[in-house]
1. Under a straight-distance cross-link criterion of Cα-Cα below 19 Å, which aspartates and glutamates are reachable from residue A:341, leaving out those fewer than 8 residues away in the same chain?
2. Label position 7 Å from Cα toward Cβ: report the copy-to-copy distances for residue B:315 in nm, one decimal, ordered from shortest.
3. Under the rule of at least 5 residues apart or a separate chain, name every residue whose amide H is placed under 5 Å from the amide H of residue A:8.
4. At q = 0.07, 0.11, 0.14, 0.15 Å⁻¹, work out log10 I(q)/I(0) for chain A with the Debye formula, treating every Cα as an identical point scatterer and leaving solvent out; two decimals please.
5. Can you list the copy-to-copy distances for residue B:120, using a point 7 angstrom from Cα toward Cβ, in nanometres, shortest first?
6. Along Cα→Cβ at 7 Å, what distances in nm separate the residue B:245 label point from those on the other copies, shortest first?
7. With only alpha-carbon pairs counted, each pair once and no self-pairs, how large is the Kirkwood hydrodynamic radius of the range A:98-154 in angstroms?
8. Compute and list, largest first, the equivalent-ellipsoid semi-axes of the range B:82-208 from the alpha carbon gyration tensor, each √(5λ) rounded to a whole angstrom.
2 protein chains.
Amino acid sequence: MIIDCHGHFTTVPASFRNWRAKQVEYANDPANGPKREDAFVSDDEIREAIGNGQLRLQRERGSDLTLFSPIAGLMSHHLGNERTSLEWAQISNDLVHRVTQLYPDNFAPVCQLPQSPGAAPANSVPELRRCVEELGFVGCNLNPDPSGGYWTGRPMSDREWYPLYEAMVELDVPAMIHVAASCNPCHHGTGAHYLNADTSVFMQLLQSNLFKDFPTLRFVIPHGGGAVPYHWGRYRGMSLEMMERPLEGLLNNVFFDTCVYHHPGVELLTKVVPTDNVLFGSEMIGAVRGRDPNTGEYFDDTKKYLDACSALSGEDRYKIYEGNARRVYPRLDARLKARGK
Amino acid sequence: MIIDCHGHFTTVPASFRNWRAKQVEYANDPANGPKREDAFVSDDEIREAIGNGQLRLQRERGSDLTLFSPIAGLMSHHLGNERTSLEWAQISNDLVHRVTQLYPDNFAPVCQLPQSPGAAPANSVPELRRCVEELGFVGCNLNPDPSGGYWTGRPMSDREWYPLYEAMVELDVPAMIHVAASCNPCHHGTGAHYLNADTSVFMQLLQSNLFKDFPTLRFVIPHGGGAVPYHWGRYRGMSLEMMERPLEGLLNNVFFDTCVYHHPGVELLTKVVPTDNVLFGSEMIGAVRGRDPNTGEYFDDTKKYLDACSALSGEDRYKIYEGNARRVYPRLDARLKARGK
């Protein structure tokens, strides 16, 4: 089967986005803010949004199951406060859970965390536990910059993150490193902040000993790893010089998706990063929704680019399309096996 | 001939670095700060630093001339104040000028600007003019984030930059977009901040109409363009969607160097970016100084990676190694012609 490790519920009804806007507006006046029940999205609305969106594209493009999480940009941890972040995470995760109940063969849930600038990452543990233990989520998205593009917090190797990592290890769920919207005019969200975050966090991991403390902690770096595979030689050299160890030591814990929207990029990724560390992903329907006028194909139809990588063996393709996702997300594997897959 | 468009005087004597540290320490107490003349570096010290460093490597690796500028990290515009930034730019540029006087066939000068957080970019114009008009500099390094990794300023499409662009256009000099050190613990300097800046600025240009206002303004984006060529399809799609124009419209004004430290990266760069927009660069002696244990070669010997790109024609190689640099830096071309080259 073909597992897409990177999808967000980007096609939510406008009412859902409007609810969030109001919630933020009344962040410090909750008595007059919108009521939780008004964020409700009906089954029909979900079927409309998914059926004409991600589900249709799964079928057209030939993938089987998407790891599905709330919209990344709409996590907007920099807005509101810790209370609104928690309420919004719960509402967003519950909605994603309902998608995966309506379409259990097509979507498996990944949760948003109730992060907020300055809030202790430990405070995200209860929502992570609720999602994984009560609702069957298989992973989480972890925002390395809740400040939304100003990076006023601490690197992900800092001990303030450790309580969250302890819970992830105990629950055996990985995190996709994924920032939300950028409120910094210097950094466009999907055009700069997303890729920069991937690059910065990889470097934070390179220069730390985090995986000595957490040998089974696993991170998926999305968007093809930001700039990292393109600069693989730079990182190999820096790891040897700064840390006196080969870069490849990170590869027990760090994985990359294939959200790179042209063939030469995907080919480079699969050439320089070991096949065991690459997970198929498309992030559809996401940052780039149009078609390449040169080919008529959708930019984010990354399966086409992978299929055209002639150097990949059948075994490589199995790993990238299915095997690695089952290994990195063991709760996904268990969920699939429980459904006879 | 082979022109390396990206080199910094990274091998300055320790005394020069120490002077800067003291200058910053006494930034608000200049009467007790170090005297300008104490920053002096002798000709013998220059010969020692360059002769055993960049000049030796030029000869060993087979390049002829390097566009040479002050150390990027040591520009540290975020430290001190506008007064110290100006003094330090003058001192650093004068030192680079002396290098190019001692070795006129091997180095051509590129200047540092006296930027400072919150200071108007217009204030950098006098030092740019001094360097270009009085000392024969052929280009400048322009820091898009004088805050050193917090990005508290404005995008490079903002009108506050226009007086500087007007001077660049009048003087017919390009700028290499180059941040200095990062003081943000989330962003390692050469491992994250440098590449992120390249990516963010490219996106700032993509989403603006800057080159309508300045059709002859030219930027070189270093480090192979950060994440950009690896994500060329993403940017092609975003340009079509957001701006309703092809990405390739930027290519009259935006150029990339080849500071990518492995063969697959350089091959991707030369495959997706038109040959007219790629300038040979190595940034030696810089971020990655060691050898690849797999090959025994230096990571930053980027000429080897280019030479191994079998798809490049002789004409392509001429452009990348020489022709594009002469075209993007017309004052370099004039300087070379004046020396019969």
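A short reminder: the numbers here are calculations on the coordinates, not readings from a lab. Quantities reported herein were computed from a predicted structural model and do not represent experimental measurements. With ideal geometry, Cβ positions are generated from the backbone for all residues, glycine too; neighbour counts draw on all protein chains shown.
1. A:4, A:64, A:105, A:315, A:322, A:333
2. 4.5
3. A:69, A:285
4. These q points yield log10 I(q)/I(0) values of -0.26, -0.68, -1.15, -1.34.
5. When each copy's label point is compared with this one, the spacings are 4.9 nm.
6. Distances between equivalent label points, in nm: 4.8.
7. Numbers: mean 1/r = 0.0793 Å⁻¹.
One over the average 1/r among Cα pairs gives 12.6 Å for the range A:98-154.
8. Details: eigenvalues 116, 58, 41 Å².
Those come to 24, 17, 14 Å.
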